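Beneath this line is the structure, given in structure tokens, with notes to follow.
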Amino acid sequence: MVKVKVFDSSAAKASKRQVMEAPTTDAGAFYDVVDSRRSVRIYADEPVPEEVVRRAMDAALKAPNSSNLQVWEIHWVRSAEKKAELAKYCLGQPAATTAQELLVFVARPDLWRRNNNRMIAHLRSIPKTPEKAFQYFEKITKIVYNQGPFGVFRPFKWIWFTVRGWSKPTPREPISLAHMDVWAHKTTALACQTFMLAARAEGYDSCPMEGLDSKRVKQLLGLPRRAGITMAISMGKRAEGGIYNERFRFPQEDFIYEH
Ligand SMILES: Cc1cc2nc3c(=O)[nH]c(=O)nc-3n(C[C@H](O)[C@H](O)[C@H](O)COP(=O)(O)O)c2cc1C
């Protein structure tokens, strides 16, 4: 039996990989984007150029994501009728009804195996793919992400990971379909944030929305049962009074812990 070690720090340091230079970046420009991103509830009647939305989606899909399995989808709702319907399913909130563009970010935990197979095919197409990479997608992901039909593997995985965890550090999740949902939503949420920052960098605004009827939204988009709506995001230019208040956060010492 091949013994698979997921992470091997000494081998990683010793291996010769190509050097990827880090370009010089503009921290000031980045913090301007972060500081000026606000959730906008009322948008101006100014359209968003198509290429701006496309660039922001492109940026979103460059977000880090678990195992690079990319279990996300962006549904850009462009037809006027569907947009009106979607705004209604976003409970008629002004952030949706006044939006120039509406997108729905969808978590697809159910697509892990399809993407895993695509990843293996991709690795096969690259010359000199390290054996470790194949091991990861041919063995490890298939153990970690496979929860069995209706999640029946859960008790077995729980016993296995718990017993293993007595003697060494062991991943505890995902061992259920609910964990798989969390797993896919984490990845998709990073795409959401990247999208909103990209929109701001382009001079446009956004509002994330989870105040919606997920069942109706899924029906509208033709999504299967296991798909999950991470959030809808509206986009446009802020109207006067479109931001309801000054940004407020609790003191940072309530949230930042140093160990
Ligand atoms: C997951 C998520 C869901 C949200 N849902 C809504 C929503 O349905 N409607 C809305 O007006 N704002 C929504 N917001 C925006 C938050 O209310 C907003 O981010 C928060 O008040 C902080 O304001 P800021 O984004 O301007 O910094 C949501 C934000 C997140 C991250």
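The values are calculated or read from the model by the stated rules, or taken from the named source; none is laboratory data. All of these numbers come straight from a predicted model, not from anything done at the bench. All Cβ positions, even for glycine, are placed from backbone atoms using ideal geometry, and neighbour counts span all protein chains on display.
Can you list residue pairs whose Cβ atoms sit under 6 Å apart, with the first residue in the stretch 42-65 being closer than 16 Å to Gly236 by Cβ and the second being acidic (Asp, Glu)? Count only pairs 6 or more apart in sequence or on different chains. If the second residue must be acidic (Asp, Glu), the pairs left are Val48/Glu101; Val52/Glu202; Val53/Glu101.
Every residue, every condition in (1) surrounded by 15 or more Cβ atoms within 10 Å (Cβ to Cβ); (2) more than 29 Å from Phe105 (Cβ to Cβ), yes or no:
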residue: Arg164; (1), (2): no, yes
residue: Pro169; (1), (2): no, yes
residue: Arg172; (1), (2): no, no
residue: Thr188; (1), (2): yes, no
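The rows are residues; the columns are (1) surrounded by fewer than 16 Cβ atoms within 10 Å (Cβ to Cβ); (2) of a type outside the set (Val, Ile, Thr); (3) on the phi < 0 side of the Ramachandran plot.
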| residue | (1), (2), (3) |
| --- | --- |
| Arg54 | yes, yes, yes |
| Ala59 | no, yes, yes |
| Ala63 | no, yes, yes |
| Asn68 | yes, yes, no |
| Val71 | no, no, yes |
| Val77 | no, no, yes |
| Ala80 | yes, yes, yes |
| Leu91 | yes, yes, no |
| Thr98 | no, no, yes |
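I'd like to know if the stretch 21-38 contains one or more residues that are without any contact (Cβ under 8 Å) to a residue 60 or more places away in the chain, within 30 Å of Lys218 (Cβ to Cβ) and either in a helix (DSSP H, G or I) or of a type outside the set (Gly, Ala, Ser) (or both). No, because not a single residue in the stretch 21-38 is without any contact (Cβ under 8 Å) to a residue 60 or more places away in the chain, within 30 Å of Lys218 (Cβ to Cβ) and either in a helix (DSSP H, G or I) or of a type outside the set (Gly, Ala, Ser) (or both). Looking across Pro174, Pro208, Pro251, Pro224, one residue alone is under 30 Å from Thr97 (Cβ atoms), at pLDDT 95 or above and more than 15 Å from the ligand (Cβ to nearest atom). It is Pro224.
Evaluate the following for Lys157: is it surrounded by 17 or more Cβ atoms within 10 Å (Cβ to Cβ), over 30 Å from Gly236 (Cβ atoms), among the charged types (D, E, K, R) and at pLDDT 95 or above? In short, yes.
Condition check for Gln70 on (1) more than 18 Å from Ala227 (Cα to Cα); (2) part of a loop (DSSP other than H, G, I, E, B): one failure, at (1). Note on the stretch 9-38: residues that are within 20 Å of Ala232 (Cα to Cα) and either more than 16 Å from the ligand (Cβ to nearest atom) or in contact with a Pro (Cβ under 7 Å, 6 or more places away or on another chain) (or both) amount to 0.
Checking the stated criteria, Ala63 turns out not to satisfy the condition of being touching a Phe, Trp or Tyr at 6+ places or on another chain (Cβ under 6 Å) and closer than 19 Å to Thr230 by Cα.
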